[in-house]
Each structure stands twice: as structure tokens, then as C-alpha cells.
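**Student:** Just passing along the structure, written as C-alpha cells.
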Amino acid sequence: MRSLSLLLILVVLSSAGFLFDEFFRGFRGLIVPLLVVIMLSMGVTLTVEDFKRIFRRPHIILYGALLQFSVMPLTGYILARLFGLSPGLLVGVVLVGSAPGGTASNLITYISEGDLSYSISMTTLSTLLAPLLTPLWTLILAGKFVPVPFLSMALATLKIVVLPVVLGMGARYLLKERVNRIEPFLPYLAVLSISFIIAVIFALNKERLREVSLLVLGVVLTHNILGFLLGFLFGRLAGLDNRLAKTLSIEVGMQNSGLSTVLALKFFSQLSALPSAIFSLSQNILGVLLSFVFRRI
């Protein structure tokens, strides 16, 4: 039930950006602070035990990170080229494909009856690797189409993603048991924040959405579905059981679209942020639908 209510919030608030674009355009300056709120909430939920899990099962967690930072960037690039997307949209698709795992994947894993500790471990590791690998993949795949400021992107990712996570973990350590009172509300805070970010992006791109929506939608949906499918397939090929393979599918298919949105706006263009906004809607809707299938596996 909670997953459906979160999905409803996401769809309604995100759609409001298209319907009330003049209102939402004025909130562009809130995009970075809202992403910081999302990453802080992720940090508050993390414990030392979550990091210990990485060292208990390093091979499958490293394998997950390898898939996260290979399947999604490469499929995004191939699809963008096949569909003939403009450089601005291409870098947007590559950027969301090069992003680390998102916090929503942990919730989808839980309702899919996957391995939650595996999901949290992969999200944590991919987040820590993001300052290096997100700008690196963007440079490799999109650098010949648009200028990619690798060092600036790396520093921005470090400040916007890793630092808030560390601060959130520090807050959890200081507040101790009091964190348990607010933890149930954190998923709603994260979804409200990402929904508002998407609404602003849709508002900024309202005219472009009318022109390119079907094309971009086709690329983003295909990209997202391939992430889920290939994640599960490579999990089974590696000998993982169904529970772990489901988790790997969700982690590979779901991205930190908030981060890719912020980086697109900061270093590229409003148009480049559009694939991330659509991907965020897509991954959450498909993730909930996929959970009904996964619970039968």
C-alpha cells in the first residue's frame, strides 16, 4: 500500500509541473537543495552494519556495481545513437545511465521480496563510486558530442551526493534512537523532493515536451526496461538465486535520476535534464508493476 501511495504522489506532483508550468518555473533554484535533502535522508537510514555487509559479500556487490556502471551507460548511449537523438538529449540519456543506484530501489526490492541488505549495499557502493564513474562515463560516451567538464562534475557529485550522505550518517549517530521516530517518514520526504524536481524540469521543458516527448519516451522506456531485464539475466548467468537476481535487476534498472538531473542543469542544458525527469517517472511506475511479477518468482 505504501508503494502505491508514493507512486501516486510522484505521478500527481510531477504532472503538475506540465499543467502549472508558470508556477513551477520559479522554483528552479530549489533543485539542488532538494537533491541534498534526498541524499541526507539516505544517509540517515545507513548504519555501520550496511558497510560491513559489503565486505561480507564483496564479489556479488562488486559484480552489481560493475553491471550498474556498464549496462546502463552503454545501453543508454546505443539507444540514443540508434534513435538519432540530438547531442543535448544524448548527453541526458548517457548521464542518467551513468548515475548510481537510487534510494527508491531499496523500497522496490522490499516489496518485490528481494534481498534488502544486498540492495542497500549496492546502492551505497554505487553512490560512493559516483564521483568518479558518473563523470567518467559521460566524458567517454558523450564527450565527442558536447564538452564534458570531468573534474567539475566529479567535485559537484562529491559535494551534492557523498557529503550529504556522510552528514546524514553523522546525524544518525548523534541522534541515535530518535532517528527511529522519523525514519518511516523519510521515503515520503524523498519522493516529494524528487517529484518536485521532476515537476520543475517538466515546467522548464513544456514546449520541448510537445515536440520530442514520443521519441524521448521511447528511448527512456526501452533504456529502463533493458536495465531491469539485463540485470536479472546477468544475475542468473552469474549463478545468483532468484532472490538475488531480482534485487540485481532492480538495482541496475533504477538510477539516481535526481543526481543526473542536477548535473544536466548545472553543466549542460534544460533539455539534457529531460531524459532524467522522464526516467524517474518510468522507473518508479515500472518498478511497482515489476514488483507484482517478482513476488511470484
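**Student:** Looking at Leu221, Leu244, Leu230, Leu237, can you tell me which residue is surrounded by fewer than 24 Cβ atoms within 10 Å (Cβ to Cβ), at pLDDT 90 or above and within 16 Å of the chain's Cα centre (by Cα)?
**Tutor:** Leu221
**Student:** Please give the number of the condition Phe292 fails out of (1) free of Cβ contacts under 8 Å to residues at least 12 places away in the same chain; (2) of a type in the set (Phe, Trp, Tyr); (3) closer than 30 Å to Leu158 by Cβ.
**Tutor:** (3)
**Student:** While we're looking at this one, here's another question. What helices (runs of 4 or more DSSP H) lie completely within segment 102-180 and have 1 or more residues being in contact with an Asp or Glu (Cβ under 7 Å, 6 or more places away or on another chain)?
**Tutor:** Fully inside segment 102-180 and qualifying: 104-111, 116-142.
**Student:** Considering segment 110-166 alone, what residues qualify as being of a type in the set (Val, Ile, Thr) and under 30 Å from Arg295 (Cα atoms)?
**Tutor:** Ile111, Ile120, Thr123, Thr124, Thr127
**Student:** Sticking with this one: Here's a check for you: in segment 58-85, which residue that is surrounded by 20 or more Cβ atoms within 10 Å (Cβ to Cβ) and of a type in the set (Phe, Trp, Tyr) is nearest to Leu217 (Cα to Cα)?
**Tutor:** Tyr77
The values are calculated or read from the model by the stated rules, or taken from the named source; none is laboratory data. In this text, all values refer to a predicted model and were calculated from it rather than measured experimentally. We place every Cβ from the backbone using ideal geometry, glycine too, and count neighbours over all the protein chains shown.
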